[in-house]
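Below is one structure, written out as structure tokens; the observations come after it.
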Amino acid sequence: MKSLYQGTKDFFFKHLKVIRILFIFSVLIFSIREFGKIISEVNGSQVKASFESQSPVALIIMLVLGLVAVLPMLIYDFTIVKFLPGKFNPFYILKTGWITNSFTNILGLGGLIGASLRANFYNENAKPKEILYAISKIALFLLAGLSTYCWISLIMIFGFDMDGILSNYWPFLFAGALYFPIVFIITRVNNSAFFEDLTLRREVTLILGSCLEWGSCAGLFIIIGSLMHVDVNMASVFPLFIIANVMGVIGMTPGGLGGFDLTITTGLILLGVDKPQTLVWLALYRIFYYVIPFIIALILFIHDYGKRINEFLDDIPKTVFQRTAQLLMTCFLYFSGIMLLLSITLPNVVLVNSFYLSFEPYTFYFLNQLSTIIVAFILIGLARGYGSRVYRAFWPTLVVLLIAICNTLWKESFPVNMSILSIVLLLLLWASKGSLYRSRLSYSWGQRIMDVIIFTFTFTAYTFLGVYNRFHHNFRHGPFKGFFQQPNAYLFPSQQVWFAGFLGLLAASLILVIIYRYFSTKENDWLDQPFNAERIRSIIDEFGGNEVSHLAFVRDKQIYFYSEDDQDQVFFMFKRKANKLVIMGEPVGNKTKFSNAIDQFMIDADKIGLSLVFYEVGEKFTMILHEKGFDFTKAGEEGMVELSKFTLVGKKHRGERALMHKFERDGYEFSIVNPPFDDQFMDELKTISDQWLNGNSEKGFSLGYFDPYYLNQAPIAIMKNKDGRVVAFANIMPTGEHEVTSIDLMRSSDDAPSGIMDGIFINLFQYSLENKYQYFNLGMAPLSNVGRSRFSFIDEKIANLVYKYGQSFYSFQGLRSYKEKYVNVWVPRYIVYRRKSSLIFTMLQILLLVNERVGDERPRGPFKIISQFSSK
């Protein structure tokens, strides 16, 4: 007999988990089956009617009390931290306690969920064993309150002679009532180390928390019934509620599911409550005590764990989430604005269009033409700011949305679909706030074109319909009668209504301009920094320059400085065109800081809605930019003369040798003049420059122009005739290092002999070699060797066609042929732009920029635009 007992015991403990799972499923299956029988006997329309009969005020009270009823469970968490080392922020305990208890309520699993969550939340300073012990001590008192109420229920049933139906459950109540006294005695009598820190004060706190927890749920259940106006003795409901919870605990199912529901439903029906009301009562209790707190807890849990995951994944999930919310919000603002415009410009046409009508329930509603058209354009204006991620757009968008939502819901008697959409919109607005970081709006060409199309279409359509509305009789019976199959569809109620809308259109356009100006207002803009020659020189002197660094002294470009530890490291030369900052050449300064400087420049530009474009940069630098999200296209090749290999000896330079002998015979003399230059010398050069320009305007950006300040920054090479008069000059472009040199301006007078510039070049080659330079830069051959491969990009292939067949407006091949007389190294140069930017717009903006006249923003014609690409 003893061995049988021992074998049974061993089998039971060995398969305890399986037996427990089978027991739980058995209870669930039995409960669901019995509960299903009750539901099958209920009329669905009666349940629906009972739900709909609940007033909004009653539902709000239930919601508030449901949230309050959860609060006593937080006492467990404020107590558990006292058993653990370290200190926890009260707000953190409040948040984690809400998550833990709400999850435990609805998921349960015998306390496994609650224990796991608490072990995760409070493991910062505690060992796993300490956490396990603390959780175990708390778990002992979770049912203390229910046990206490079992005693009270027994007293109410037998002491106050309550309904005899409840007396049948006395064994369950009595078993539950014994739990608390037994636990209390054990914890007070047992002197083991496990209970050493379980003081009487902490024990009383836990008992009080448990009593408040179970008492608040019972109170909520009874108040819900009272708000439903259920005709039942609420004094009998209290012990029934306690009995149902005991059955739920015995069933060990999550949230007492099955055992509690079957017991409470059966008991209420026996107490005289009709079945539809019973089901609605139970459903409302479950919703307000379990579901809604769980949803809040789930949001907090996702936020908490999402934060950890987000940190682990370097902010990528947060960025994607915020960006998605911002894009959806932008789309909705455009959608709402355009839908309102359609309802105004094509008033009756859209109302018979099934596609429009399918979206109409999700749009805003306004009473008159004036308000509708103004709000439509305000929404479009806000969409532009929100789409550009301007942080100033948030509060205006919130205000306009609240006004539009309130107006729509009020006028249409709170439709369900629009009410849900309104909540979603406000959540999207809140979620996307973090993605709005730009300080102002920078209008791109694409944005301008879109807005012009929207406004032009609206203005044209509305004006046309106004004319048609005025003369609709003639349209109906005249030559247009075939076009207007439904003439009345285009009519307004009156000419006054149309005119009010037309005034609204004008007012809306003005408001749109004001909105854009508001979004575009500058705030301590670094774009307007004054020219600082000392900072530029200090960088070049310390780190060296490059082939275009001398163009900084032209002063037609803005300078962006990158500094570390209050010391300038790098500078960029740039000029703005639309929403682009076009950077001339590669940055200048400390090459080891280029990557950091680019990143910072991109961040600063992005904050004001601008993107970077690099013009004429080398392969190595292009690859650096490519890793930072840039795309590129080849602009051409730059010709370099390797000075150590240059010589006039040989058949190739026979013509140049003859030219130099001719200049020598005719008494022409080459010399280098160092600054500063006197006024007489500058006047002489100015006369030559004016003759060379022949009335044309100077260009800037990739070229210098005749400016005394600029020319005084470096030596000038001149050619004098036998009378000692200067007939040609070229200013030298120092780079701050003895590797590459070049020239910028090349000007000759009307009486200078042919080939004078070749004479200057050849003398400069010799001068540069004597001064230890390795290369002489002869500038760009635009479109050279671009798109020659069959696998080249389409834009590069088009450029190759221009190079081959564009001789009528620019000698591309002729320029390369001329430079090939001297060049023995060709270096590819690229235009690098942000990957999402339009290449067509980018190229047009560069062309306009490099062809701007000095002192004038107006671009030249197409022939002059192409020629500017020669750079030097």
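The values are calculated or read from the model by the stated rules, or taken from the named source; none is laboratory data. Just so it is clear, the model here is predicted, and its values are computed rather than measured. Don't worry about glycine lacking a Cβ; one is built from the backbone with ideal geometry, like all the others, and counts go over all protein chains shown. Surface areas here come from the heavy atoms of the whole protein model, side chains and all, with no ligands, DNA or RNA. Shrake-Rupley method; radii C 1.70, N 1.55, O 1.52, S 1.80 Å.
Protein-only accessible surface at a 1.4 angstrom probe places the residues ASP231, ASP631 in the order ASP231, ASP631, largest first. Pairs from the table (LYS318/LYS836; LYS95/LYS628; LYS575/LYS652; LYS87/LYS593; LYS591/LYS634; LYS129/LYS307) lying more than 32 angstrom apart at Cα are LYS95/LYS628; LYS575/LYS652; LYS87/LYS593. Computed from the C-beta positions of ILE514 and LEU769, the FRET efficiency with R₀ = 41 Å rounds to 0.05. Shown are HIS550, HIS626, HIS661, whose ranking by accessible area with a 1.4 Å probe and every protein chain present, most to least, is HIS661, HIS626, HIS550.
HIS303 contributes an accessible area of around 120 Å² to the protein surface, as traced by a 1.4 Å probe with all chains present. In this simple spin-label model, placing a label point 7 Å from the Cα along the Cα-to-Cβ direction at both ARG308 and ASN824 gives a separation of 6.7 nm. A 1.4 Å probe run over segment 62-215, with the rest of the protein chains in place, finds 50 Å² accessible per residue. For segment 519-671, a simple Cβ point-charge model (Lys and Arg +1, Asp and Glu -1, everything else neutral) yields a dipole of about 840 debye relative to the Cα centre. Between ARG555 and PHE464, full extension at 0.36 nm per residue minus the direct alpha carbon distance yields a gain of 27.7 nm. So, R0 is 51 Å and r is the distance between the beta-carbons of LYS686 and ILE840; what FRET efficiency does that work out to, to 0.05? Efficiency, from the Cβ-Cβ distance: 0.80.
In this simple spin-label model, placing a label point 7 Å from the Cα along the Cα-to-Cβ direction at both ALA119 and ILE269 gives a separation of 4.2 nm. Close amide-amide hydrogen proximity is noted between GLY779 and GLY639, each under 5 Å apart and 5 or more residues distant or on a separate chain (H modeled in the peptide plane; Pro and chain starts excluded).
Given +1 at the Cβ of Lys and Arg, -1 at the Cβ of Asp and Glu and no other charges, the dipole of segment 67-200 around its Cα centre is 440 debye to the nearest 20.
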